[in-house]
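Below is one structure, written out as structure tokens; comments come after it.
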Amino acid sequence: MRSGGMGAALVWILMLAVMVLGAADGALASKAFKYNGDDDAEFTKKFISFLEKQDMTIHNQGENWLSVKGESFIIALQPKVSADGLDRIIANIFLTVKSEYKSGSNQKLNDLVWKLNSSLNTAQFALDGDKDLVMLSHITFVDELTFEEMKAFIDWFDQSVLTLMVAAPEALEILE
């Protein structure tokens, strides 16, 4: 008789655990962004709404892009979605180069870009049309991206600027 009572208690404990885990799984699922189309503008509009529901502030936005504030930097996000389900969000951080390094073909600036691309794997580095330094990375996913994943990516990318300064201390001289 005692073992039957213990068995019933065990069943109740297992049922309670399943209900709690199910509720937790539902809470996590509500924080997942799902999209299976191929329209970047539609994705952007829905993604902005999703992020705002998670209390993330949108710094700026356009038809096919948005920007958010990391801890230290503004990160521009540009979705690239496809009907086959393999989607990505391109992330850019723009770092202003001091004006004295922008004139003509500045070897120090070119050397910095080369060094960063050769020594770091956190991003691709390039110069934009204004000769400012651009850090480019992306997050790839299949039809679903959780808020936790997106937030972790934003935090990681924002902090990766610090690795730039460690890998190339001369960047402190060149960047504003």
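The values are calculated or read from the model by the stated rules, or taken from the named source; none is laboratory data. Note that the structure is a prediction, hence the values are computed from the model and not measured. Glycine gets a Cβ as well: all are built from the backbone with ideal geometry, and neighbour counts include every protein chain shown.
Scanning the stretch 144-176 for residues that are hydroxyl-bearing (Ser, Thr, Tyr) and under 30 Å from SER99 (Cα atoms), which turns out surrounded by the fewest Cβ atoms within 10 Å (Cβ to Cβ)?
THR163
Suppose we filter the stretch 109-138 for residues that are hydrophobic (A, V, I, L, M, F, W, C) and in a loop (DSSP other than H, G, I, E, B); how many remain?
Selection size over the stretch 109-138: 2.
Taking ILE48 as the residue in question, decide whether it is over 24 Å from GLU170 (Cα atoms) and either buried (at least 16 other Cβ atoms within 10 Å of the Cβ) or in contact with a strand residue (DSSP E or B) (Cβ under 6 Å, 6 or more places away or on another chain) (or both).
Answer is yes for this residue.
Would you confirm whether or not the stretch 53-67 contains a residue that is part of a helix (DSSP H, G or I), out of contact with any Asp or Glu (no Cβ under 9 Å at 6 or more places or on another chain) and in the same structural domain as ILE154 (by TED's automatic domain parsing)?
yes
For residues that are closer than 18 Å to THR96 by Cα and surrounded by fewer than 17 Cβ atoms within 10 Å (Cβ to Cβ), tally how many sit in the stretch 60-72.
3
Could you please tell me which pairs satisfy a Cβ distance under 7 Å, a separation of 6+ or placement on different chains, a first residue in the stretch 75-104 that is under 11 Å from ASP40 (Cβ atoms), and a second residue that is aromatic (Phe, Trp, Tyr) and part of a strand (DSSP E or B)?
Cβ pairs passing all conditions: ASP87/PHE141.
Taking PHE141, is it surrounded by 12 or more Cβ atoms within 10 Å (Cβ to Cβ) and in a strand (DSSP E or B)?
yes
When residues of the stretch 32-44 are filtered for being in a helix (DSSP H, G or I) and within 17 Å of ASP143 (Cβ to Cβ), how many remain?
So the count comes out to 4.
Against the condition of a type outside the set (Val, Ile, Thr), assigned to a loop (DSSP other than H, G, I, E, B) and under 27 Å from HIS59 (Cβ atoms), how does ASN92 come out, does it pass?
Answer is no for this residue.
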